[in-house]
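The values are calculated or read from the model by the stated rules, or taken from the named source; none is laboratory data. Small disclaimer: the values here were computed from a predicted structure and weren't measured. Cβ sites come from the backbone with ideal geometry, for glycine too, and all protein chains shown count toward neighbours.
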Amino acid sequence: MPSTCVVGLQWGDEAKGKIVDLLCDRHDVVVRYQGGANAGHTVVADGTTYKLSLIPTGILRPGISCVIGNGVVVHPPALLKEMETLAGQGVDFKGRFFISDRAHVILPHHLAEERLTEESSSVADHLGTTRRGIGPCYRDKVGRVHGVRVGDLFHPEQFRAHLDRIVAYKNRLLAAMLDDFTPFDAKTVADEYLGFADRLRPFVRDTTAWLHGAIGEGKRLLFEGAQGSLLDIDHGSFPYVTSSNSSAAGIAAGSGVPTRHIDRWIGIIKAYTTRVGGGPFPTEQDNAIGERIRRVGREYGTVTGRPRRCGWFDSVAVRYSARISGATEIAVMLLDVLSGLESLQVAVAYEDEQGNRIEDFPGHLADLERCRPVYETLPGWNEDVTSCRSWSELPEAARNYVRFLSKQVGVPVKIVSVGPDRTATLMVD
Ligand code: IMP
């Protein structure tokens, strides 16, 4: 049965949640395969506002199962809080929510380690992370000796002994680096996390085996990427990236499902570009245009509330990420935000200081920082497009703009979103 992946092609916040929500009608299982509570969605359904971070939005649809795959990092207190809030709003998790026993666990020292790298004046480069302990947890996963997986919480004796060693090590390190550090007590942490484990027990399992079982039964899976492809640890604008494979490259590793099971690869883009946190952003408009996009598009981080940096659409970056993520079709989101601008600019290439044209997204930060966008200017449109319900209803200039993006990226645009509402979604003829 056909399975689908939905992945952001920019620096995150492409409004993937809306497309995932729409596609839930045609799928049975939503799978998160990377990242953690650094992602965030606000969904309004039937007048109720739901806030989701680690849990896929599919949980709001009865009959859909949701999986937190092995590639995700889980902060148990945050997850339990999210589950509790949703349960209080009537969401039923029983028998339809599964957490991988191989997902790694975010521990209190990970948050302290992130504080060290993000706040301490002794560390020069701050990445502008979401401060959810994502990077330090993945670092311990890759480093192996200090990693803790969800499954470890169900072997209490080994877990306590393992945590004793980890905490002793982390305490020494953090005490040496942070001025105001209160050492962690391994027993207190272990007691707390074993308590969390008891509450999570009904949901923990070998999700890879479960997913393969679901495929065998003909269930349709929907893989939901968090963040965007340009934040991918391997393929993004390193080091200003997140610590996981946030492009479609993460699917097989982060779920245990080979990607040959996927036949629809949807890349999500905004009609412009945003970025939260540090890092190069060639088409950034740190001016009245950027402010206007931020105001009209309500471009503030869902998780941290930070204002997002805003700018023009960057075809060089998206051409690259569409390749990396294998997008076979594109959904253009937030087209309505651009209404009322007299003209629109789209970066079609970059140029270095010597005027050499660059068509490929540079791999090195210094090279990317040197790039100046080469823009093409397109006419804007004045009409409010939020009430358009078909492709043909869009103003000609808006359709031309979308066609231009599609041509530049080299992938057909199949969906255009003109407002937050589910109905404000147009299928492109
Ligand atoms: P981390 O994922 O918290 O380690 O943050 C690393 C970088 O990724 C920072 O620039 C964050 O702002 C960015 N980031 C992480 N999650 C998201 C997201 O869901 N949307 C947009 N940017 C994100």
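Taking residue 223 as the residue in question, decide whether it is in contact with a strand residue (DSSP E or B) (Cβ under 6 Å, 6 or more places away or on another chain), closer than 30 Å to residue 362 by Cβ and either surrounded by 13 or more Cβ atoms within 10 Å (Cβ to Cβ) or charged (D, E, K, R) (or both).
Here the answer is yes, as residue 223 does meet what is asked.
Considering only the stretch 34-59, state which residues are more than 13 Å from the ligand (Cβ to nearest atom), crowded, with 19+ Cβ neighbours inside 10 Å and of a type in the set (S, T, N, Q).
57
Being of a type in the set (Asp, Glu), under 19 Å from the mean Cα position of the chain (by Cα) and at pLDDT 95 or above is true for just one of 217, 192, 224. Which residue is that?
224
With respect to residue 213, determine if the residue is more than 16 Å from the ligand (Cβ to nearest atom) and assigned to a helix (DSSP H, G or I).
Against the criterion (more than 16 Å from the ligand (Cβ to nearest atom) and assigned to a helix (DSSP H, G or I)), residue 213 qualifies.
Being farther than 12 Å from residue 315 by Cα and either touching a strand residue (DSSP E or B) at 6+ places or on another chain (Cβ under 7 Å) or not in a helix (DSSP H, G or I) (or both) is the filter here; which residues of the stretch 403-415 pass it?
The answer is 412, 413, 414, 415.
Kindly indicate the residue of the stretch 114-142 that is more than 10 Å from the ligand (Cβ to nearest atom) and at pLDDT 95 or above and also farthest from residue 305 (Cα to Cα) among those meeting that condition.
Here the answer is 142.
Name, by its number, the condition in (1) in a loop (DSSP other than H, G, I, E, B); (2) within 10 Å of the ligand (Cβ to nearest atom); (3) at negative phi; (4) not assigned by TED's automatic domain parsing to the domain that holds residue 39 that does not hold for residue 274.
(1)
Got a number for residues in the stretch 168-183 being of a type in the set (A, V, I, L, M, F, W, C) and either within 16 Å of residue 136 (Cα to Cα) or not assigned by TED's automatic domain parsing to the domain that holds residue 112 (or both)?
Step one: of the stretch 168-183, the residues of a type in the set (A, V, I, L, M, F, W, C) are 168, 173-178, 181.
From what is left, the residues that are either within 16 Å of residue 136 (Cα to Cα) or not assigned by TED's automatic domain parsing to the domain that holds residue 112 (or both) are 173-174, 177-178.
Final tally of qualifying residues: 4.
Taking the criterion of being touching a Phe, Trp or Tyr at 6+ places or on another chain (Cβ under 9 Å), more than 10 Å from the ligand (Cβ to nearest atom) and not in a loop (DSSP other than H, G, I, E, B), would at least one residue in the stretch 226-241 satisfy it?
Checking the stretch 226-241: at least one residue is touching a Phe, Trp or Tyr at 6+ places or on another chain (Cβ under 9 Å), more than 10 Å from the ligand (Cβ to nearest atom) and not in a loop (DSSP other than H, G, I, E, B).
Tell me which residues, restricted to the stretch 130-148, are farther than 15 Å from residue 233 by Cβ, small (Gly, Ala, Ser) and surrounded by fewer than 23 Cβ atoms within 10 Å (Cβ to Cβ).
147
List pairs: first residue in the stretch 139-167 and among the small types (Gly, Ala, Ser), second residue outside any helix (DSSP H, G or I) anywhere in the structure, Cβ distance under 8 angstrom, at least six positions apart or on different chains.
147/104; 151/101; 151/102; 151/204
Could you list, in sequence order, the residues of the stretch 416-429 that are within 22 Å of the chain's Cα centre (by Cα), more than 21 Å from residue 312 (Cα to Cα) and not basic (Lys, Arg)? Working first, answer last.
To start, the set of residues in the stretch 416-429 that are within 22 Å of the chain's Cα centre (by Cα) comprises 416-422, 425.
Keeping just the survivors that are more than 21 Å from residue 312 (Cα to Cα) gives 421-422, 425.
Result: 421, 425.
Residues in the stretch 88-104: is at least one among the hydroxyl-bearing types (Ser, Thr, Tyr) and in contact with a Leu (Cβ under 9 Å, 6 or more places away or on another chain)? Even if it seems obvious, please write down each step before you answer.
Residues of the stretch 88-104 that are among the hydroxyl-bearing types (Ser, Thr, Tyr), as a first pass: 100.
Now drop any that are not in contact with a Leu (Cβ under 9 Å, 6 or more places away or on another chain), which leaves none.
Taking every residue of the stretch 88-104 in turn, none turns out to be among the hydroxyl-bearing types (Ser, Thr, Tyr) and in contact with a Leu (Cβ under 9 Å, 6 or more places away or on another chain).
Residue 96: farther than 25 Å from residue 190 by Cα, buried (at least 16 other Cβ atoms within 10 Å of the Cβ), at pLDDT 95 or above and not hydroxyl-bearing (Ser, Thr, Tyr), yes or no?
yes
Quick test for you: out of 128, 88, 95, 71, pick the one residue that is more than 21 Å from residue 30 (Cα to Cα) and assigned by TED's automatic domain parsing to the domain that holds residue 44. Working first, answer last.
On the way: 128 fails: assigned by TED's automatic domain parsing to the domain that holds residue 44; 95 fails: more than 21 Å from residue 30 (Cα to Cα); 71 fails: more than 21 Å from residue 30 (Cα to Cα).
It is 88.
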